[in-house]
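Notes to accompany the following structure.
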Amino acid sequence: MSEAVNTTATQTRARRKFSITELAIEYAVLLLLAAILIALAILSPSFFTFGNIVNILNQNTPLVIIAAAGTFVIISGNFDLSTGAIYGVAGVVSAWLAVTTGNVWLALLAAPVIGLVLGAFNGVVITKLRVHSFLATLASSMIFTTIAVLITGGSLITVTTPGFTALGRNRIGGIFIAVFVMIVVVALLWFVLSRTVFGRHVYAIGGNPEAAELSGVQVTRTRIVVFVLSGLAAGAAAAIGVSRISSGQPLAGAGLELSAIAAVILGGTSIYGGIGAVWRSVAGVFLIALIGNGFDLLNLNPQLKDMVTGFIILAAVGLSAAGRRKR
């Protein structure tokens, strides 16, 4: 009897330990975020000021929007390396329209429309030509960047049209309008991914596309829509970015795609597909942002920032792989 009791107690402790480990893996990004918040609050009195928090939110608004939509792409088992290039094309087209037509609304709305069209192009190429998303979007990013350079002639398009900077610079109650746009976009994407049939289909094709197709999921259509969302988000982010700096720059989005992917993976979305959440990607973006902000506030060597971020991303990928093996 005593042996049975001891065995039961041991099993209970093992299950409890396993549950704690699972929780640590599941919410690692939030634990890291909380640790950095506490550390910066202690080390820098200026960290928790209203101005600093608002600036962190505003500076990372375009990246949050791109990463939130990029979550759909990675969960579906794909990659989008063209979002930075789409950001550049959409931005220069928006600036060009603002200068040539003087219509601010037309110019700013054109950016997400351009993004949607280019995202659809990616989706069709990947699904119809059966090209791997990594290679397809790498190639399309080169095409889109060249288009942006041709539109501008390799120079900037400076916009002086009145009202063009409202989206990127104006505030409501001290908070940038762009931040409110970001919150709405993230909320919509969270709802679509976690509360709709389409969201379940995204998870299904990321987990096992063959099984999903046998279950009646329109795999091709779902993949195309996923890339449409990614392009649309990059275009919306470009509208905010070009409005903020009041100029169209063909290489303005250089590196954004890698930052977005890094944030998504750092947040805990599985690089293998099938697992993830929009809130994770948002947390990943702000984790990277807080590292950068901390280096600035504490006057640390900026050359070490990328190294620290790299180690954290490696740890996140390792945790993702560990969680996949346990499943």
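The values are calculated or read from the model by the stated rules, or taken from the named source; none is laboratory data. Computed from a predicted model, the values in this text were never measured in an experiment. As a convention, Cβ positions derive from the backbone with ideal geometry for all residues, glycine included, and neighbour counts pool all protein chains shown. What goes into the accessible areas is simple: the full protein's heavy atoms, side chains included, and nothing from ligands, DNA or RNA. Shrake-Rupley method; radii C 1.70, N 1.55, O 1.52, S 1.80 Å.
Does G173 meet the test of being closer than 30 Å to V54 by Cβ and of a type outside the set (A, V, I, L, M, F, W, C)?
Criteria met by G173.
Residues that are outside any helix (DSSP H, G or I) and surrounded by 24 or more Cβ atoms within 10 Å (Cβ to Cβ): does region 220-235 have at least one?
No, there is no match, as no residue in region 220-235 is outside any helix (DSSP H, G or I) and surrounded by 24 or more Cβ atoms within 10 Å (Cβ to Cβ).
Count, please, the residues in region 63-84 that happen to be open to solvent by 10 Å² or more (accessible area, probe 1.4 Å) and in a helix (DSSP H, G or I).
Of the residues in region 63-84, 2 are open to solvent by 10 Å² or more (accessible area, probe 1.4 Å) and in a helix (DSSP H, G or I).
So, in region 188-218, exactly how many residues are open to solvent by 40 Å² or more (accessible area, probe 1.4 Å) and outside any helix (DSSP H, G or I)?
4
For the list (1) among the basic types (K, R); (2) more than 27 Å from A148 (Cβ to Cβ); (3) crowded, with 19+ Cβ neighbours inside 10 Å, I need the number of the one condition that K305 fails.
(3)
Conditions first: (1) of a type outside the set (S, T, Y); (2) exposed (fewer than 14 other Cβ atoms within 10 Å of the Cβ); (3) more than 21 Å from G253 (Cα to Cα). G154 passes all but one, so which condition is the exception?
(3)
Residue-wise test of (1) modelled with pLDDT under 85; (2) part of a helix (DSSP H, G or I).
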site: G273; (1), (2): no, no
site: V285; (1), (2): no, yes
site: G294; (1), (2): no, yes
site: I312; (1), (2): yes, yes
site: A321; (1), (2): yes, yes
site: R324; (1), (2): yes, yes
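So in region 91-109, with the set limited to residues that are free of Cβ contacts under 8 Å to residues at least 60 places away in the same chain and assigned to a helix (DSSP H, G or I), which one is most open to solvent (accessible area, probe 1.4 Å)?
W105
For region 33-55, does any single residue satisfy the condition of being in a helix (DSSP H, G or I), under 21 Å from A234 (Cα atoms) and open to solvent by less than 50 Å² (accessible area, probe 1.4 Å)?
Within region 33-55, none of the residues are in a helix (DSSP H, G or I), under 21 Å from A234 (Cα atoms) and open to solvent by less than 50 Å² (accessible area, probe 1.4 Å).
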